[in-house]
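Trainee: Take this structure, written in C-alpha cells, and hold onto it; I'll ask about it next.
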Amino acid sequence: MTTRSAFLYLMFDDGPTLHTTEVLESLARQELPATLFVVGNRVAECRDILSSVYAVGHSVGNLSTATRSLRALITRRLRTT
C-alpha cells in the first residue's frame, strides 16, 4: 500500500495590506499554511504583522525592494536598446 500526499502552495504578493489580517484569520480557520511575499520597502512599517505571520508558521519572502510597472520597465529598456 502506497501513501500519496498532495500539496497546494498558497502565495500572496505585494503585502502586507489592510487585508492581510483577514487572510491570516481565514488561513487559521482552515489550518492552511501559506507564503506571504512582501514588498521590501514595506517591511519596516509592517514588522508587527510580519512577526505574527512568521510566529503562526507561515513563510515570509521578499518580493522586491519596491513595486514597479513591468510594462514601464520593458518600454524604457526597449527605448534604450
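The values are calculated or read from the model by the stated rules, or taken from the named source; none is laboratory data. Keep in mind it's a predicted model, so treat the numbers as computed, not measured. So basically every Cβ, Gly included, is an ideal-geometry build from the backbone, and we count neighbours across all protein chains shown.
Trainee: List the residue pairs whose Cβ atoms are under 7 Å apart, where the first residue sits in the range 8-28 and is at positive phi, the second is of a type in the set (Ser, Thr, Tyr), and the two are 6 or more positions apart or on different chains.
Mentor: Going by the 7 Å Cβ cut-off, the qualifying pairs are 14/67.
Residues are listed down the side, and each one gets a yes or a no for (1) of a type in the set (A, V, I, L, M, F, W, C); (2) over 13 Å from the mean Cα position of the chain (by Cα); (3) at pLDDT below 80:
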| site | (1), (2), (3) |
| --- | --- |
| 11 | yes, no, yes |
| 19 | no, no, no |
| 48 | no, yes, no |
| 57 | no, yes, no |
| 71 | no, yes, yes |
| 81 | no, yes, yes |
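Trainee: Can you work out which of the residues in the range 1-32 that are among the small types (Gly, Ala, Ser) and in a helix (DSSP H, G or I) is nearest to residue 51 (Cα to Cα)?
Mentor: 28
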